[in-house]
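Asks: This is the structure, below, for whatever I ask next.
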Amino acid sequence: MSLAALLEALPIPIVQAPMVGASFDALALAVSAAGGLGTLAIATLGPGEIGPAIAGLKAQTDAPFAVNLLMAPKVAPEAAEVDRALARLAPWYAGLGAPLPAAPNLFAQDFDAQLAAVIAAAPAVASFSFGVLTAAQAAALRTAGTCVVGTATTVAEARAWAAVGADGICAQGFEAGGHRGHFLAEVEASLVGTMALVATLRAAVDLPVIAAGGIMDGRGVAAALALGAAAVQMGTAFLLADEAVTSKPWRRAIATAGYEPTRLTRAFTGRHARGIENRFMREMKGVEDEVPAYPVQNRLTQPLRAASAQADEPETISLWAGQAVGLARPGAAGDMVRRWWAQAGEVAAELAARTGRGSDR
Ligand SMILES: Cc1cc2nc3c(=O)[nH]c(=O)nc-3n(C[C@H](O)[C@H](O)[C@H](O)COP(=O)(O)O)c2cc1C
């Protein structure tokens with residue numbers, strides 16, 4: 001089935017964003033069961049774990065779902081760079097009473113091996129961020145019956161995905177929580193807002209667009225569909241869902257974030273990501289340009305973030321969240337999806353009535 005047909009056939013065109021660290025199978029199942037498209041975030045799984053994870057989800061639902069990989073570059077950092085980065089993190093580990101880890105041998109899963117496992121497991125949809133597949137990789141997925149969705153933050157990136165044969169584009173606006181998916185230009189040149197991005201991608205690329213970034217309820221869903229999106233992808237709106245695996249201190253930070261601004265940082269992972277500011281982000285601000293690039297810094301802070309979550313300490317974990325985090329509410333994910341879709345219908349009806357009145361005058 002083509003991606004356009006799959007999205008068209010969804011009872012509710014809401015995609016649950018993959019969220020490493022906050023979402024896994026329960027959230028994906030709940031959203032797919034409600035009529036949306038759940039996504040299994042598998043970027044941190046080893047190649048051997050991917051097949052069983054996808055088979056496990058397929059065994060629990062006949063509804064389609066997506067899986068998501070992050071295209072981490074292969075890296076071999078100098079030992080001295082890793083030592084310097086660990087030394088900078090030492091006081092943070094000490095502050096939590098957690099041991100400073102030894103320099104790791106492996107910084108991220110092997111992407112090619114992960115991709116081979118996804119192709120073998122043949123989920124309905126596979127989405128990617130941080131890069132672009134080769135035409136041969138995209139063709140292998142499509143041959144397996146998997147629709148390919150590439151994340152783009154600019155028109156140039158969407159065109160790069162179209163050129164390798166992607167079936168659709170996830171348009172990630174500046175508002176989005178978590179990592180920026182940019183891969184062609186510097187982050188500063190890749191910060192287009194969702195509204196401008198969706199509209200320009202629709203004009204520039206002849207592929208279905210999934211709008212992501214700042215969509216928190218039915219009003220945002222209706223707005224994105226009105227701009228020409230085939231579906232929306234929502235992340236932050238699910239962070240307080242019963243089925244999300246968001247840690248306790250992270251949930252608390254989201255629930256009390258209010259309308260304070262979120263911001264981008266590369267201090268936690270070496271790649272820009274949006275979150276609620278905490279002490280780590282504030283005190284690392286002066287040196288964040290010097291930390292090793294993703295995935296090295298990501299790997300070096302992983303035990304710190306795990307220890308912080310374990311200690312119920314919000315100041316040393318990555319509190320990823322989008323710009324509209326103040327609108328996140330708790331509840332069952334299936335109820336959220338159904339409520340947002342009903343609200344989108346009400347908004348569309350109100351607009352139809354209003355524009356109809358306008359034309360009578
Ligand atoms: C906690 C969190 C984790 C995320 N992890 C991923 C991921 O693993 N893969 C990915 O492609 N996008 C990831 N994203 C980005 C989402 O796909 C999406 O772009 C974003 O959530 C949309 O903006 P919103 O958070 O305002 O809804 C993540 C977002 C958040 C908030």
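Asks: Of all residues in the stretch 229-281, how many are touching a His at 6+ places or on another chain (Cβ under 7 Å), more than 12 Å from the ligand (Cβ to nearest atom) and hydrophobic (A, V, I, L, M, F, W, C)?
Replies: Qualifying residue count, the stretch 229-281: 1.
Asks: Of the residues Leu327, Leu319, Leu300, Leu304, only one is under 15 Å from Gly95 (Cα atoms) and hydrophobic (A, V, I, L, M, F, W, C); which?
Replies: On the way: Leu327 fails: under 15 Å from Gly95 (Cα atoms); Leu319 fails: under 15 Å from Gly95 (Cα atoms); Leu300 fails: under 15 Å from Gly95 (Cα atoms).
Sole residue among the options that is under 15 Å from Gly95 (Cα atoms) and hydrophobic (A, V, I, L, M, F, W, C): Leu304.
Asks: Tell me which of these Arg329 doesn't satisfy, since it passes every other one: (1) in a helix (DSSP H, G or I); (2) touching a residue at least 60 places away in the same chain (Cβ under 8 Å).
Replies: (1)
Asks: Given the criterion surrounded by 22 or more Cβ atoms within 10 Å (Cβ to Cβ) and touching a residue at least 40 places away in the same chain (Cβ under 8 Å), identify the matching residue among Gly150, Gly173.
Replies: Gly173
Asks: Continuing with the same structure: Could you tell me which of the residues Thr269, Thr301 is surrounded by 20 or more Cβ atoms within 10 Å (Cβ to Cβ) and not in a helix (DSSP H, G or I)?
Replies: Thr269
Asks: Check whether at least one residue in the stretch 276-291 is assigned by TED's automatic domain parsing to the domain that holds Ala90, polar (S, T, N, Q) and under 16 Å from Ala90 (Cα atoms), and report yes or no.
Replies: no
Asks: Can you find even one residue in the stretch 120-130 that is more than 16 Å from the ligand (Cβ to nearest atom), touching a residue at least 12 places away in the same chain (Cβ under 8 Å), within 17 Å of Ala43 (Cα to Cα) and not in a loop (DSSP other than H, G, I, E, B)?
Replies: yes
Asks: Is there any pair with a first residue in the stretch 1-30 that is basic (Lys, Arg) and a second that is crowded, with 20+ Cβ neighbours inside 10 Å whose Cβ atoms are under 7 Å apart and which are 6 or more apart or on different chains, and what are they?
Replies: none
Asks: Given the condition within 13 Å of the ligand (Cβ to nearest atom), under 29 Å from Ala26 (Cα atoms) and touching a residue at least 60 places away in the same chain (Cβ under 8 Å), answer yes or no: does some residue in the stretch 342-350 qualify?
Replies: Among the residues of the stretch 342-350, not one is within 13 Å of the ligand (Cβ to nearest atom), under 29 Å from Ala26 (Cα atoms) and touching a residue at least 60 places away in the same chain (Cβ under 8 Å), which makes the answer no.
Asks: Can you tell me which residue is surrounded by the most Cβ atoms within 10 Å (Cβ to Cβ) among those in the stretch 88-119 that are charged (D, E, K, R) and touching a residue at least 24 places away in the same chain (Cβ under 8 Å)?
Replies: Arg88
Asks: Now, a different point. Of the residues that make up the stretch 320-333, is at least one surrounded by 18 or more Cβ atoms within 10 Å (Cβ to Cβ), within 16 Å of the ligand (Cβ to nearest atom) and within 16 Å of Phe280 (Cβ to Cβ)?
Replies: yes
Asks: Please go through the stretch 228-266 and give me each residue that is in the same structural domain as Ala306 (by TED's automatic domain parsing) and assigned to a strand (DSSP E or B), ordered by number.
Replies: Arg263, Leu264, Thr265
Asks: Which residue out of Ala212, Ala199, Ala203, Ala229 is crowded, with 22+ Cβ neighbours inside 10 Å and over 14 Å from the mean Cα position of the chain (by Cα)?
Replies: Ala229
The values are calculated or read from the model by the stated rules, or taken from the named source; none is laboratory data. Note that the coordinates shown come from a computational prediction; the quantities given were computed from them, not determined experimentally. Note that each Cβ is placed from the backbone with ideal geometry, even for glycine, and that neighbours are counted across all protein chains shown.
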